[in-house]
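Each reported figure results from applying straightforward, stated rules to the coordinates on display, with no laboratory input. Note that the coordinates shown come from a computational prediction; the quantities given were computed from them, not determined experimentally. Positions of Cβ are backbone-derived with ideal geometry, glycine not excepted, and every protein chain shown enters the neighbour counts.
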Amino acid sequence: MDDASGDKADEIAALRARVAALEADRTAARPPRHRFRSFCAALLIVIGCVLVPLGLVASWTSDIVGDTDRYVQTVAPLAEDPAVQAAVTDRVTNAVMDHIDLPSLLEGVAPDQRPLVQKALGKLGGSLESAVASFVRDRTQDVVGSQAFATLWTDANRAIHTSVDRALTGSEDGAVKIETDSVTLDLAPVIERVKQRLVDSGLTVAGKIPEIHTDFTILRSDDIGKVKTGFSLLQLMGFWLPVIAVVLVAGGVLLAARRRRTLIAAALGVAFAAIVLGVALTVFRTVYLNALPAGVSPAAAGSVYDTLIRYLRTSVRVFAVLGILIALAAWLSGPSRPAVLARGLWHSGISATRATADRAGMRLGPVGPFVRRYRTWITWILVAGAAAAVVFWPHPTGWVVVGLALALLFALAVTAFLAEDPTESTDQSPPPPPPQPTAPPTLPPTPQRW
């Protein structure tokens, strides 16, 4: 007995030593090769995530500066913006009033009737000047609120785009004025229409107003004259910088030792970088509006800013949603218990649906075996098609990405339904209940003897 106990103790001690050695190997540092790969993968992903915001800004710059139709499509809604209309109305009204000779309004009226006319005009605003200003403002609002102003706004911005493109890439020739701190639009065509509307309404003295050139500020910045090199670089890199960012992130994922975890981290990093850019745009909006001079309408400047970066904000949402969806898909394909449970629920629902369809008499013929045989290829083709749709979709939005993800999920569900083996679904039916024990036969009662 003592020898047996000693042998058991030695065997237990050896097992403990073996377990300790395995644990030491498990907790030991990774080989240098793995550490170098992990470092390079992390470096590529970090650089790619840093380039994501710059790529989005470069792509937006290329669209706004390099594509006239895109720029006009972007700023066209500003013609109907109430803040912009109010700012243009104020600027045009002030410019017209500065050139109206008020005493000449009463030259054609008899001297004895001038007080009555002046009194009648004064009822409109308390004085002759305020009455005329109110009249001019009303006519200006009619012009600014008409379709003619929308046409003038579109044509002027189309001309402005060409001038801005030349100015920000080296040449400052054109109708738009690129000064040290602002980009302005000449409202002379609008003033001419207002003058004609005033003359048609009976204020003939407006016909004597000379040609007036007044500016409406489209964009203002203290450093606008110093950003030509950076602007040209962003325009040049508008297509390649986002591609470089995506390639770096993808290369980091492929180089990593644990690709699934790295893919989740990289996708969340891209989403976080896009969200940081969105927050920066919001913060810069506040800084930009606070730096405006007193002569610029903050409401109109805010509307112009929001309109110009509208598509940039859309790109931010697209990258944020896309990163979150990719991270979620990678996590659901992993070995964690919640992911396994989610996949089990998915498979159980598909199996139950296929079993119900088979019991209802649905037959797929050769389609089922074909899909079952090439299911892996079909799955990858569907994923590649969804990715290509996101890449080649003209200016996708966040909702477009969500819609494509739902369409891909539905296509994968249909593929799983077609690939389900009906024999496995029927074999999973519950077994029949065991036979119930029968009661023993009862004997007839024995007659009693008296």
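Residues whose amide H falls under 5 Å from that of Asp186, counting only those 5 or more places apart or on a different chain, are Phe216, with hydrogens built in the peptide plane.
Sorted by average packing, counted as other Cβ atoms within 10 angstrom per residue and highest first, what order do 360-367, 311-318, 54-61 take?
54-61, 311-318, 360-367
Against the empirical 2.2 N^0.38 Å (N residues), the range 284-425 has a Cα radius of gyration ratio of 1.60.
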